[in-house]
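Novice: Just passing along the structure, written as structure tokens.
Every number in this text was worked out from the coordinates using simple rules, so none of it is lab data. Small disclaimer: the values here were computed from a predicted structure and weren't measured. Heads up, the Cβs are rebuilt from the backbone with ideal geometry, glycines too, and the neighbour counts pull from every protein chain shown.
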Amino acid sequence: MKYCPECEAEYLEGVEVCADCEVALIPEEEFLLRKSSQERQREFLTGKQFVSVKLAESVFEAERVKGALEQEGIPVVVRTFQDTAFDGLYVAQKGWGNVEVPESDRARAERIVKELGEVFPEPVEADSDAGEAGDEGGSGQGGEEEP
Ligand SMILES: [Zn+2]
């Protein structure tokens, strides 16, 4: 049995070209292989049942996580907030984007993300915009004089 890769019609042995599409037929094994990989791909692209396993703070972090997950054979979709939000206006939003994997790979992915976080600990942000500079230490000693 042979198949048309375009319209997926079945043909008997001996036929080499699809009568409708005029493309070369392919053997059954190859057809099934293609079909399953196409379905995988389609599922991947439509993003159904993808869940976020990591809120990335930057494109670099997202790429790092993505690389690690893909190495384990997990399909990864990175959705950056900036795709939609960043069009001239700065939108203050936490993080850079989500790293998402299929629901079925979630547990494995979360473990990998966790391990990754231990190898590359996230930098602790010294968020020191509270208080003015130069006001250190001497706050207890009275500078104020009351008449
Ligand atoms: Zn065809």
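Novice: When N is the residue count of the range 2-45, what does its C-alpha Rg come to as a fraction of 2.2 N^0.38 Å?
Specialist: 1.21
Novice: Each label point is 7 Å from the Cα along the Cα-to-Cβ direction; what then is the distance between the points at residue 41 and residue 81, in nm?
Specialist: 3.4 nm
Novice: Between residue 108 and residue 29, what is 0.36 nm times their sequence separation minus the Cα-Cα distance? Round to one decimal in nm.
Specialist: In short, 25.4 nm is gained.
Novice: Residue-wise, which Karplus ³J(HN,Hα) couplings in Hz belong to the range 102-116, taking 6.51 cos²θ - 1.76 cosθ + 1.60, θ = phi - 60°, and x for glycine or proline?
Specialist: After applying 6.51 cos²θ - 1.76 cosθ + 1.60, I find x, 3, 5, 9, 4, 4, 4, 5, 5, 5, 5, 4, 5, 4, 4 Hz.
Novice: Follow-up. Suppose each label sits 7 Å from its Cα in the direction of the beta carbon; what would the residue 15-residue 49 distance come out to in nanometres?
Specialist: 3.5 nm
Novice: If you find the alpha carbon centre of the range 66-81 and of the range 1-30, how far apart are they in angstrom?
Specialist: A separation of 35 Å, based on Cα centres.
Novice: Okay, next question. Quick one: 3J(HN,Hα) in Hz for the range 11-26, Karplus 6.51/-1.76/1.60 with θ = phi - 60°, rounded, Gly and Pro as x.
Specialist: With coefficients 6.51, -1.76 and 1.60, one gets 10, 6, 3, x, 7, 10, 10, 5, 5, 7, 9, 6, 10, 5, 6, 10 Hz.
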